[in-house]
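*Asks:* Please see the structure below; I have some questions.
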Amino acid sequence: MIWGACTLPLVGRVGEAVLRSKTGETGWGGDISTHQDLDMLDNPHPAHDVRDPPHKGEGEAAPRLTLSGISKSFPGVRALHDVSLSLYPGQVTALIGENGAGKSTLVKIMTGIYQPDGGTISIDGQAITLPSAHAAFGHGVTAIHQETVLFDDLSVAENIFLGHAPRTRFGTIDWRTMRKNAREVLDTMHAGHIDADARLKDLGIANKHLVAVARAMSIDAQIVIMDEPTAALSMKEIEELFLLIEFLKSDGKAILFISHKFDEIYRIADRYTVFRDGEMVGEGLIRDAGQSQIVRLMVGRAVDHIFPQRKAEIGAPVLSVSGLSHPTEFNDIGFELHKGEILGFYGLVGAGRSEVMQAISGITRTSAGTITLEGKTLAPKSAADSIDAGIVYVPEERGKQGVVIGLPIFQNVSLPSLKRTSKSGLLRLSEEFDLARSYTERLDLRASSLSQDVGTLSGGNQQKIVIAKWLATSPKVIILDEPTKGIDIGSKAAVHGFMAELVAQGLSVIMVSSELPEILGMSDRVVVMREGLVAAVYDNKGLDAETLVRTAAGIVA
Amino acid sequence: MTDIPAPRHIPDRLDKPLRSAIFSWEALLVVVAVAIFAINSFASPYFLDPYSLSDLTFNFTEKGLIAFAMALLIISGEIDLSVAAIIALASTMMGMAVQAGAGTPALVAIGIVVGLGCGAFNGLLVTRLGLPSIVVTIGTMSLFRGIAFIILGDQAYKGYPSSFAFFGQGYVWWVVSFELVLFLIAAIVYWFLLHRTSFGRRVFAIGNNPIAAQFSGVRVGRTKFILFCLTGLMSGIASVLITSRLGSTRPSIAQGYELEVITMVVLGGVSILGGAGSILGVVLAAFIMGLVTFGLGLLNVPGIVMSIFIGLLLIIVIALPIVWRRLRGGR
């Protein structure tokens, strides 16, 4: 076993090194490392390398960055175990894995934020260490994150050249050159529409991504990591990002692309590497691999995601909303929700769906309109009022709005129900444990104990806590905002199955979702919102995705 | 990441309570307190005298009373730097009342009400206007003490009634002072409030994630307002005790107390970032601070050196947990 673990990466590297010297594609250092590697295998005749004329082709370039045998543990958790990954110049490698598979940890190792416990990192065949983020930057490794980490109050040019700004003779920053260079960089990547003098905070997320890429270009970064860059982008922006990735490919950059979305992976990636539970379980060329094959690798079993079949028994109206308005976010919203119904809310990001839901659940105030729950008018002044009345909102942003990291599982679950689990203000721990256990076990939570900090759980399990805590208030109406965003396929199916169970028990569900299959697979009716207004309400019988997309985008059929 | 293959039954907890108690911050504080106690008794022959030990308690009881409320406030993610200034303003108001011929019950009431009012003022500014508490209370720190200075100038109020002296100078039994009894009662009340009530649980939730707490139906603004009021109230009570003990009011009364109170809270294991802490820790930290300053006093260390020492202690106790976490976090 030990032998296998050690030798495989070594053989791999030698093989690649030979390939590299044959093709002669890479620049400095290539030959030296070839010799070293061969010497390590007691090959006394490095000169035997026959230099074939270089020929281009996907499979034959040497990797730019190679990680091999990387392991990383945190107290009590083995995040990565003996994983390897190669990135090739001019190619996009997709890193695929469920939540908690170790993708983020690997990115942090590649960007110098974490130090691996073991294993080697090499760039162009030379072993290197990345003791800090600065060192990674120096080696030409840059990362573009889901929500870009740049500086909102600096200009675009400053963001691009932060840390390596051109200097004048006197050592001060040469603003004129910096602006000129910034414009040049933006122009080369066809992003000339971005003003180099604009404050970053005035840019949309898509343009912020472009600035992050420009920054990578400005240091001539050869390795670009994109960690779920499309998560907050619209369709059009995603398409623009893909054009940019194509440009980076043609420029010979090695790109690591992390995404949960298979259509994106198949659209843009050349290679794939699959992680499962901190181990590398498969890699290859994307064109050789079928979607179901990769899914099997990811989950370790075949998963056909079928939405639960259910026979909806829809009763009388439970919640009716009319004329609900907000000074800026939405206007004149009206709809009805029936007992035992799943009402889908579809729309583009920014259509105002979450804002409407937060108003109904008392988190934001409204300027006009009425909310009626079972015949009683409700004017919630805080989330507490809505929870007391029987409306709960399960928010979209799990980490920020959902779980309280730092508190144990049972305290998270009981937080909205403290009135019931305590007696005249005094806590009753046994009640809290009972409540937490009954709901977390129904959701098949994986945890070692109910006193575990929720921060130590994976994303999918945190989502189960989030759903459990609001469900534990025994609501009449539950509003789920993007309930399966960013969680793995297994957890998704669990959440969908659970929703079906809830409505079968007579609960009414509002599901805000941007995923068409989810909307079509789960809803009884669909409300489409656009620019703060209700654009249409559809019965989900023979409803197709195109109609929804057109309505959401305001395209007249 | 720590997914453990499907235990259908999830246990309440894994740690044995005893084991986690031995390795807690509070246990470390007990060790430190015992060590300092031992050093003190070796360093000075006067230390182990009952009357001497009784004097020692006056070093922390007044600040400790404020520290309990401050602990809750810091756990919730806020802070109040104006506590010492509240003491000065409340004391000045009591002094004015004495000039007007007020009796002891009226003085106590004035001290407490002024403290509560100042706390409510801080709370309103923070929760209604949404201002950061550190800025608000730096402002009110100058404001409250500034009013005291305007009223008093370089004068001092004296002439407090003799019955008023009991609060700061009286003994309930033998060497057990009224202040110490009040401190212990407050410790129990605050321990109960923080660790055994749903109010306390909400304070922890707010400190760890105010947005998620709000989404979970916690009335964040109201809870924080109550905490500012409590801190003001405790400052008012402390003002009564100090004024009674000194028998006079100067505008510079309790100067620099806010630092010692915050040091006490942080030394007690309350996270300066909010979200974690215990009342037991604060009680132990109060004892330690009392022991240290009293020990240094017995050794005739001048006051300025003591304030250097307090400053260093504050930096060390804030840095220690952060450095510790970084070393363990493998960064």
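The values are calculated or read from the model by the stated rules, or taken from the named source; none is laboratory data. It should be emphasised that the depicted structure is a prediction, and the values quoted were computed from it without experimental measurement. Note that we place each Cβ from the backbone using ideal geometry, even for glycine, and neighbour counts take in every protein chain shown.
*Asks:* Residues in the stretch A:170-204 that are of a type in the set (A, V, I, L, M) and in a helix (DSSP H, G or I): how many?
*Replies:* Total satisfying the criteria: 5.
*Asks:* May I pose another question? Going residue by residue through the stretch A:369-392, is there one that turns out to be in a strand (DSSP E or B) and within 9 Å of chain B (Cβ to nearest Cβ)? Talk me through it step by step, then tell me what you get.
*Replies:* Restricting attention to the stretch A:369-392, the residues satisfying the condition of being in a strand (DSSP E or B) are A:369-373, A:376-378, A:391-392.
This time we only want the ones that are within 9 Å of chain B (Cβ to nearest Cβ), so: A:392.
Within the stretch A:369-392, one or more residues are in a strand (DSSP E or B) and within 9 Å of chain B (Cβ to nearest Cβ).
Here's the yes/no breakdown for (1) over 22 Å from A:E515 (Cα atoms); (2) surrounded by 21 or more Cβ atoms within 10 Å (Cβ to Cβ); (3) modelled with pLDDT of 95 or more:
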site: A:G315; (1), (2), (3): yes, no, no
site: A:P327; (1), (2), (3): yes, no, no
site: A:G347; (1), (2), (3): no, yes, no
site: A:G362; (1), (2), (3): yes, yes, no
site: A:S367; (1), (2), (3): yes, no, no
site: A:E374; (1), (2), (3): yes, no, no
site: A:K400; (1), (2), (3): no, no, no
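*Asks:* Can you name every residue in the stretch A:483-516 that is assigned to a loop (DSSP other than H, G, I, E, B) and in contact (Cβ under 8 Å) with a residue 12 or more places away in the chain?
*Replies:* Within the stretch A:483-516, A:P483, A:T484, A:K485, A:G486, A:I487, A:D488, A:G506, A:L507, A:S513, A:S514, A:E515 qualify.
*Asks:* Sticking with this one: Provide a single number: the residues in the stretch A:119-163 that are farther than 24 Å from A:F257 by Cα and loosely packed, with under 13 Cβ neighbours inside 10 Å.
*Replies:* 3
*Asks:* Just to check your reading of the model, which residue among A:T440, A:T473 is among the polar types (S, T, N, Q) and within 16 Å of A:Y393 (Cβ to Cβ)?
*Replies:* Of A:T440, A:T473, the one residue that is among the polar types (S, T, N, Q) and within 16 Å of A:Y393 (Cβ to Cβ) is A:T473.
*Asks:* Look at A:F498 and say whether it is within 11 Å of another protein chain (Cβ to nearest Cβ) and touching a Leu at 6+ places or on another chain (Cβ under 7 Å).
*Replies:* no
*Asks:* Restricting the search to the stretch A:432-451, which residues are more than 9 Å from A:V413 (Cβ to Cβ), buried (at least 21 other Cβ atoms within 10 Å of the Cβ) and within 27 Å of the chain's Cα centre (by Cα)?
*Replies:* A:L445, A:A447 - these are the residues of the stretch A:432-451 that are more than 9 Å from A:V413 (Cβ to Cβ), buried (at least 21 other Cβ atoms within 10 Å of the Cβ) and within 27 Å of the chain's Cα centre (by Cα).
*Asks:* Output the residues belonging to the stretch A:128-172 that are more than 30 Å from A:D117 (Cα to Cα), without any contact (Cβ under 8 Å) to a residue 24 or more places away in the chain and of a type in the set (V, I, T). Before you say what the answer is, go through the steps one by one.
*Replies:* Going through the stretch A:128-172, the residues more than 30 Å from A:D117 (Cα to Cα) turn out to be A:151-162, A:164-172.
Within this subset, residues satisfying the condition of being without any contact (Cβ under 8 Å) to a residue 24 or more places away in the chain are A:158, A:165-172.
Listed by number, the residues that qualify are A:T168, A:T172.
*Asks:* All but one of (1) farther than 21 Å from A:T66 by Cβ; (2) surrounded by 20 or more Cβ atoms within 10 Å (Cβ to Cβ); (3) under 18 Å from the mean Cα position of the chain (by Cα) hold for A:G97; which doesn't?
*Replies:* Tallying (1) farther than 21 Å from A:T66 by Cβ; (2) surrounded by 20 or more Cβ atoms within 10 Å (Cβ to Cβ); (3) under 18 Å from the mean Cα position of the chain (by Cα), A:G97 fails exactly one: (1).
*Asks:* Given the criterion surrounded by fewer than 21 Cβ atoms within 10 Å (Cβ to Cβ), touching a helix residue (DSSP H, G or I) at 6+ places or on another chain (Cβ under 9 Å) and either of a type outside the set (D, E) or within 28 Å of B:S76 (Cα to Cα) (or both), identify the matching residue among B:A254, B:A276.
*Replies:* B:A276
*Asks:* Only one of (1) of a type in the set (G, A, S); (2) touching a helix residue (DSSP H, G or I) at 6+ places or on another chain (Cβ under 7 Å); (3) not in a helix (DSSP H, G or I) fails for B:A85. Which number is that?
*Replies:* Among (1) of a type in the set (G, A, S); (2) touching a helix residue (DSSP H, G or I) at 6+ places or on another chain (Cβ under 7 Å); (3) not in a helix (DSSP H, G or I), the lone unmet condition for B:A85 is (3).
*Asks:* What residue, of B:F192, B:F228, B:F183, B:F215, is within 14 Å of chain A (Cβ to nearest Cβ) and surrounded by 19 or more Cβ atoms within 10 Å (Cβ to Cβ)?
*Replies:* Result of the check over B:F192, B:F228, B:F183, B:F215: B:F215.
*Asks:* Something else now. Quick one: would you say B:R245 is without any contact (Cβ under 8 Å) to a residue 12 or more places away in the chain, of a type in the set (D, E, K, R) and either part of a helix (DSSP H, G or I) or within 14 Å of chain A (Cβ to nearest Cβ) (or both)?
*Replies:* For B:R245, the condition - without any contact (Cβ under 8 Å) to a residue 12 or more places away in the chain, of a type in the set (D, E, K, R) and either part of a helix (DSSP H, G or I) or within 14 Å of chain A (Cβ to nearest Cβ) (or both) - is not met.
*Asks:* Based on this model, can you work out whether A:A472 counts as out of contact with any Phe, Trp or Tyr (no Cβ under 8 Å at 6 or more places or on another chain), more than 16 Å from A:H260 (Cβ to Cβ) and either buried (at least 19 other Cβ atoms within 10 Å of the Cβ) or more than 8 Å from chain B (Cβ to nearest Cβ) (or both)? Steps first, answer last, please.
*Replies:* Details: out of contact with any Phe, Trp or Tyr (no Cβ under 8 Å at 6 or more places or on another chain): no; more than 16 Å from A:H260 (Cβ to Cβ): yes; either buried (at least 19 other Cβ atoms within 10 Å of the Cβ) or more than 8 Å from chain B (Cβ to nearest Cβ) (or both): yes.
Considered against the rule, which asks whether it is out of contact with any Phe, Trp or Tyr (no Cβ under 8 Å at 6 or more places or on another chain), more than 16 Å from A:H260 (Cβ to Cβ) and either buried (at least 19 other Cβ atoms within 10 Å of the Cβ) or more than 8 Å from chain B (Cβ to nearest Cβ) (or both), A:A472 comes out as no.
*Asks:* Which of the numbered conditions does A:Y114 fail, given that it passes all the others? Conditions: (1) surrounded by fewer than 21 Cβ atoms within 10 Å (Cβ to Cβ); (2) farther than 22 Å from A:Y88 by Cβ.
*Replies:* (1)
*Asks:* Does A:L480 satisfy being within 14 Å of chain B (Cβ to nearest Cβ), part of a loop (DSSP other than H, G, I, E, B) and hydrophobic (A, V, I, L, M, F, W, C)?
*Replies:* No.
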